[in-house]
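A.B. asks: One structure, pasted below without further comment.
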Amino acid sequence: MILYGLPTCPDCSRALKTLSAVGHEVTFRDVRAEPLTEAERNMLLREFGSTLIDRNTPAFRGLSVFIREAEADVQLKHNPALMARPILQDGERFTKGWDPKAQAVWT
């Protein structure tokens, strides 16, 4: 299982702790330190579409108009921290966020 996120993300930390406690072997992928490859971006965009971008953050609001209006792929290349977090992947199964619905999939 891969958790795509940021080490400073509280939901990522909660997810990692919970998933490890219930026996999942989780690989944490810091998307700022190791940005998504083009193939990974495309895979996640196919799964989540433009909802992969968290538009409610100060980082998004601080983007230039050009980048803010660009496609999600361009936004992620420009600033990987714009990705909604955490993204969990286990094979072909994906979830976004750490709400009760996502938790129910993995716990």
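A.B. asks: Counting just the residues of region 23-35 that are at pLDDT 95 or above and surrounded by 13 or more Cβ atoms within 10 Å (Cβ to Cβ), which one comes out farthest from Leu82 (Cα to Cα)?
C.D. replies: Ranking the qualifying residues of region 23-35, first place goes to His24.
A.B. asks: Would you please name the residue that is farthest from the chain's Cα centre (by Cα), looking only at residues in region 72-107 that are in a loop (DSSP other than H, G, I, E, B) and in contact (Cβ under 8 Å) with a residue 12 or more places away in the chain?
C.D. replies: The qualifying residue farthest from the chain's Cα centre (by Cα) is Thr107.
A.B. asks: Is it the case that some residue within region 25-42 is polar (S, T, N, Q) and in contact with a helix residue (DSSP H, G or I) (Cβ under 7 Å, 6 or more places away or on another chain)?
C.D. replies: The answer is no, given that none of the residues of region 25-42 is polar (S, T, N, Q) and in contact with a helix residue (DSSP H, G or I) (Cβ under 7 Å, 6 or more places away or on another chain).
A.B. asks: Same structure again: Restricting attention to region 1-21, which residues are in a loop (DSSP other than H, G, I, E, B) and touching a Leu at 6+ places or on another chain (Cβ under 7 Å)? First the steps, then the outcome.
C.D. replies: Here is the first cut: in region 1-21, the residues in a loop (DSSP other than H, G, I, E, B) are 1, 6-9.
Across region 1-21, the qualifying residue is only Met1.
A.B. asks: Considering only residues that are surrounded by 17 or more Cβ atoms within 10 Å (Cβ to Cβ) and out of contact with any Ser or Thr (no Cβ under 6 Å at 6 or more places or on another chain), which ones fall in region 64-78? Full working, then the answer.
C.D. replies: At the first step, the residues of region 64-78 found to be surrounded by 17 or more Cβ atoms within 10 Å (Cβ to Cβ) are 72-73, 75-76.
Asp73, Gln75, Leu76, listed by residue number.
A.B. asks: While we're on this one: Name, by its number, the condition in (1) more than 11 Å from the chain's Cα centre (by Cα); (2) part of a helix (DSSP H, G or I); (3) within 20 Å of Leu6 (Cβ to Cβ); (4) of a type in the set (Gly, Ala, Ser) that does not hold for Ala33.
C.D. replies: Every condition holds for Ala33 apart from (2).
A.B. asks: Scan region 92-101 and give yes if some residue there is closer than 23 Å to Thr8 by Cα, out of contact with any Asp or Glu (no Cβ under 7 Å at 6 or more places or on another chain), among the hydrophobic types (A, V, I, L, M, F, W, C) and buried (at least 18 other Cβ atoms within 10 Å of the Cβ), otherwise no.
C.D. replies: So far as region 92-101 goes, no, none of its residues is closer than 23 Å to Thr8 by Cα, out of contact with any Asp or Glu (no Cβ under 7 Å at 6 or more places or on another chain), among the hydrophobic types (A, V, I, L, M, F, W, C) and buried (at least 18 other Cβ atoms within 10 Å of the Cβ).
The values are calculated or read from the model by the stated rules, or taken from the named source; none is laboratory data. This structure is a prediction, so every number in the text was calculated from the model and none was measured. Using ideal geometry, Cβ is built from the backbone for each residue, glycine included, and neighbour counts are taken over all protein chains shown.
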